[in-house]
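A quick write-up on the structure given underneath.
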Amino acid sequence: MVKYVFSREDIRQIKERGLSEQTVNHQLSLFDRGVASPELVAPCTPERGVLVLSDKERRRLAALSEPVVQQGRITKFVPASGAATRMFRSLLSLYNSPDALDRTSIDRQSGQHNKEYAALVSFMDNIEKFAFHEALSAVMATAGKECRALVAAGRYRPVLRHLLTTAGLGYAGLPKGMILFHRYTDDTGTPRAYTAFEEHLAEAVELATDGNSVCRLHFTVPETHRDSVAALLKQTCDAWRQADGIRPDITFSTQHPFTDTIAADHANMPFRDENGRLVFRPGGHGALLDNLNDLNSDIVFIKNIDNISVTGMRHKTATETRALFGLLVELQQQVFAWMEQLAADPCPDETVDQAIDFACNRLNLCLPETLSSADRKQQKKFLLTLLDRPLRVCGVVKNVGEPGGGPFFVRTKDGVLSAQIIEAAQVNGATPDQQAIWQSATHFNPVFIVCGLRDAKGRPYDLKRFVDLNMGIITEKSTNGRPLRALEHPGLWNGSMAFWNTVFVEISPLAFNPVKTVFDLLRKGHQPEGGL
């Protein structure tokens, strides 16, 4: 690897972030040689690699989770650093344009041919269905404006101003978790709206409250909004304590500066700003592995901030979620039992063969062909290393065209065939056979992952030991009109968990209700059928 020679000022800037010259040079070398594409062997399907549980089996596994929940072993982990800007992209684009945003001008100028105008009209026609409608109306009333009257008159710009900017709700600049997602009506007929943060807390209470009435929840949040998020959730936690005696234990973290990555120009040299300073960028969601590692938790349930449905739909999938908890516990117990038997002396040949069968049929691991000719001592050593890893049970949904990665069998550098979650950006587009395998996926990853983070002796794994550092992602970006190359760390549930043991389970599409645009809040998963 050719090392770039940094100036004294560069080195100061690098150290300010908690990085080292060696780390930054490694990042530059990835731009130069490229990141590795995984070797896809086949998609994981119900025939091989994706478990499809019967209702009876689902109930059995859900029952297995109860002691674990009661013991307080489960923490919910929600990446929530993302801004709501993309949710409102089409509305923001129009608001920032010089166009007259009134219904008459829209109908006259573009009819139904302009998608952004059509989206604006649809938004206004459905505005009372959004959970934030009452809050928007209230903030507009404070400014002497009536939301309903302006919408009826087709005067849309002041409505957008109070929705998107700090003149009102300021939604375009908030974290997505602070957007009011859902609205319910209580027994008195009073409506109440809840943010995505509050709804994730409600789900954690429903699924993971222990025998001492404590539920554990961790959010990764942007530093600039940490205090406001904490204040919001403190109010909600106080309400839970007062009403039901439940004591939510909520912690927060932010993305560490040392997880930022250096930007490069198209000669793969350090990209510099107009003042000659190095430019660093956030390292993508793979950077959150450090946050997950710092938790030192036992069992962690990972969901994205925007994937949270209304109460009624959550109740329909609660047993399914608990079944994933139970399956992880069952598999962990079996893994630890096999490790104990393999470590025994003597260890019968039959035990080794049965352990190999377990690894293949229960953990989706196909051992390298060279292992079959190895002596028993080598086989035992290899198996013990293979089993002594973090374990995850990942819910996957039937592929219906939603964006996201999918479950695949991947050949690793040590010859093992393992189950992994692969994103489109990781697939080698120049290789037709790899593209064909990618296109044949039957399921996709909704980020519904239950992780076992401790070993057989109850010690937390160092999760950094199980990352494939060569599975980052390089993207083309720009800043102030200048193109640059950006490097993302291996994705949190992709390369960052490449050397975990993984089991995929088909789950109901009811468990997947992401909010990528504001219009997704009009979907069934976000519109309550009735009251609480």
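Here the contact order of region 85-173, divided by its residue count and restricted to Cα pairs under 8 Å and six or more residues apart, works out to 32 percent.
Out of residues 5 or more away from PHE77 or on other chains, whose amide H comes under 5 Å of its own, with H placed 1.01 Å from N in the peptide plane? HN-HN under 5 Å from PHE77: HIS218, PHE301, ILE302, LYS303. Derived scalar couplings between HN and Hα for region 240-256 equal 4, 4, 5, 7, 10, x, 7, 10, x, 10, 9, 10, 10, 8, 10, 5, 6 Hz in order, rounded to whole Hz, by the Karplus curve 6.51 cos²θ - 1.76 cosθ + 1.60 (θ = phi - 60°), x for Gly and Pro. Our summary gives region 177-254 a relative contact order of 29 percent, counting only alpha carbon pairs under 8 angstrom and 6 or more residues apart. The HN-Hα couplings worked out from phi for region 66-77 by the Karplus form 6.51 cos²θ - 1.76 cosθ + 1.60 (θ = phi - 60°) are 4, x, 5, 4, 4, 7, x, 8, 9, 10, 8, 10 Hz, whole numbers, x standing for Gly and Pro. Neighbour counts of other Cβ atoms within 10 Å put HIS26, HIS266 in the fewest-to-most order HIS266, HIS26.
Counting DSSP beta bridges with both partners in the chain, what percentage is antiparallel, nearest 5? So the antiparallel bridges in the chain amount to around 65 percent. Prolate is the label for region 78-226. Its Cα gyration tensor axes, ordered a ≥ b ≥ c, give a/c of at least 1.5 and a/b above b/c.
Return the label of the correct value of percent of Cα pairs over 38 Å apart, as calculated from the structure shown, out of [x] 27; [y] 53; [z] 35. So the structure-derived entry is [z]. Checking the a/c ratio against 1.5 first, then a/b against b/c, what shape does the Cα gyration tensor give for region 286-352? Taking the square roots of the gyration eigenvalues as a ≥ b ≥ c, region 286-352 is oblate.
Going from the fewest other Cβ atoms within 10 Å to the most, the residues TYR171, TYR95 appear in the order TYR95, TYR171. Peptides 81-90, 494-503 ordered by packing proxy, namely the average of other Cβ atoms within 10 Å per residue, highest first: 494-503, 81-90. Near GLY491, the amide H atoms lying under 5 Å from its own belong to SER496; only residues 5 or more places off or on other chains count, and H is placed 1.01 Å from N.
Restricting to bridges with both residues inside region 202-339, how much of the DSSP beta-bridge set is antiparallel, in percent to the nearest 5? So the antiparallel bridges amount to about 35 percent of the total. Positive contributions from Lys and Arg (+1) and negative ones from Asp and Glu (-1), summed over other residues with Cβ under 9 Å from the Cβ of PHE444, come out at 0.
Just to confirm a number: summing +1 for Lys and Arg and -1 for Asp and Glu over residues other than HIS200 whose beta-carbon lies under 11 angstrom from that of HIS200, what do you get? Around HIS200, the surrounding residues sum to -2.
Annotation: amide H-H contacts under 5 Å for ALA84 (H modelled 1.01 Å from N, sequence separation of 5 or more, or interchain): LEU174, LYS176. Distance between the C-alpha centres of region 224-276 and region 456-494: 17 Å, rounded to the whole angstrom. Whole-Hz Karplus values for region 342-356 come out as 5, 7, 5, 9, x, 10, x, 4, 4, 5, 4, 4, 5, 5, 4 Hz, taken residue by residue from phi with 6.51 cos²θ - 1.76 cosθ + 1.60 and θ = phi - 60°; glycine and proline positions read x. Checked against a 21 Å cut-off, the cross-linked pairs LYS234/LYS516; LYS381/LYS457; LYS76/LYS129 give Cα-Cα distances beyond that limit for LYS234/LYS516; LYS76/LYS129.
Anisotropy class assigned to region 177-254 is oblate, per the alpha carbon gyration tensor with a/c at or over the 1.5 cut-off and a/b no larger than b/c. Just how far, in whole angstrom, is region 368-385 from region 201-219 if you go by their alpha carbon centroids? After rounding, the separation between the Cα centres reads 42 Å.
The residues SER213, SER137, SER65, when put in order of fewest to most other Cβ atoms within 10 Å, stand as SER213, SER137, SER65.
Mean separation of Cα pairs under 8 Å and 6 or more residues apart, divided by the residue count, gives the chain a relative contact order of 24 percent. Distance from the C-alpha centroid of region 36-105 to that of region 137-184: 27 Å, rounded to the whole angstrom.
Here, each number is a calculation from the coordinates, and none is a lab measurement. This one's a predicted model, so the numbers in the text were calculated from it and none came from an experiment. Every residue, glycine as well, gets a Cβ built from its backbone with ideal geometry; the counts of neighbours run over all protein chains shown.
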